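Below is one structure, written out as structure tokens; comments come after it.
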Ligand code: GLU
């Protein structure tokens, strides 16, 4: 990609775009664009051959006005301090737009997890949990999975925290395995909200999702489940991709079978009779719905000029650069923003935390019904803001709703003398 904007700058631009429609005090605006605190640390852990390695890790606590900081931990070589700060801000506004009572946080370790064995990853994760211990807690900061982390890492963090604190506190982290206090429906939740977001948008546009063509960039947890659930809603998944490339079949294919093929072979490329395409070709396919479900900055301003989809539903965090937003708004392409579309993950994390606090588990159907209610109500709120204020896109409308809630919570708390 030619230009790779700093995601933290992108977040600040998004907040500024919305703040231009609000009468916010300069001091409050600065607060809305900066994290409250960032932990930057070096984790030293033992490799299987007995040598020691030290890697860089971060946790950003962006805003706690609406509740405990909340957000995932990612393991990726591109993790930087600014990326984690941006992701923590997106979490704060995500929680606010779906009205779950949390602030925003995010963490990351700058590693490629495929370079390490399971026992090395366990020692590293426990070292991070030990470092995080004074910051996290059921009512303080609640981590969760993100890119390249899942139930396994969450279970290790919970166990480390509970052991060191000599307590039982399953709500210190979400995204756990069911037998460790996880929730039904949590694994599917991000993909589920992405599919629901597409459904609500098509209803609003008076268009039929049944028969609509879909391309999905990124075929991990969010992308593959969004594809499967969009298929259930009658849409035709015609293209999907992962980091090694993509596949395209204009007649559509079974997204679950493509996922199985990827699990067996490591990549979607080669699945059935589908043609091989590049990620860039996938992003510019003439489809009804494009779902970027990988990393930040997937679509920049140049590529946005060639996007042929009518609707983009952001399953990833920050997949469009601010330049791409400008171009797409100009071209009347509807962008359903990340802070809403992928909010199913944190919403079901909230349900998991509620279940943990109550020591009472919900059925999967209850989880999914409550999630659907949260997503449809949030969508209505965004559309209301879009239609009431003269904003250029759904992202700015979502930020208007979210920032309004954060500012209200801050104002209502009053000032400390
Ligand atoms: N990592 C997910 C996100 O970006 C989920 C966060 C959570 O469940 O706290 O929204």
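No lab work stands behind these numbers, since they all come straight from the coordinates. These numbers come from a predicted model, not from an experiment. Virtual Cβ from ideal backbone geometry, glycine too; neighbours counted across all protein chains shown.
Observations on the model:
- Global form of segment 126-255, assessed from the alpha-carbon gyration tensor, a/c cut-off 1.5: prolate
- Order by protection proxy (mean Cβ within 10 Å, highest first), peptides 300-313, 249-262: 300-313, 249-262
- For segment 243-395: relative contact order, % (alpha-carbon pairs under 8 angstrom, 6 or more apart): 16 percent
- Highest-MSF residue in the chain out of 369, 314, 138 [GNM, Cα springs under 10 Å]: 369
- Projected label points at residue 133 and residue 82, each 7 Å from Cα along the beta carbon direction, are separated by 3.5 nanometres.
- Prolate/oblate/rounded call for segment 190-236, Cα gyration tensor, a/c under 1.5 rounded: prolate
- Between residue 257 and residue 140, the contour length at 0.36 nm per residue exceeds the Cα-Cα span by 38.0 nm.
- When the Gaussian network model of the chain links Cα atoms closer than 10 Å, the mean-square fluctuations of 247, 277, 403 top out at 277.
- Alpha-carbon centroids, segment 212-251 and segment 361-417: separation in whole Å: 28 Å
- Helix-only arithmetic for the chain: the sum of -39500 (n - 2.57) across DSSP H runs with n ≥ 4, divided by the residue total, places the mean residue ellipticity at 222 nm at -14000 deg cm²/dmol.
- Three-way shape label, segment 274-417, alpha-carbon gyration tensor, a/c 1.5: oblate
- Chain lengthening between residue 37 and residue 16 when straightened (0.36 nm per residue, less Cα-Cα): 5.5 nm
- Mean sequence separation of contacting Cα pairs (under 8 Å, at least six apart), scaled by the length of the chain, corresponds to a relative contact order of 16 percent.
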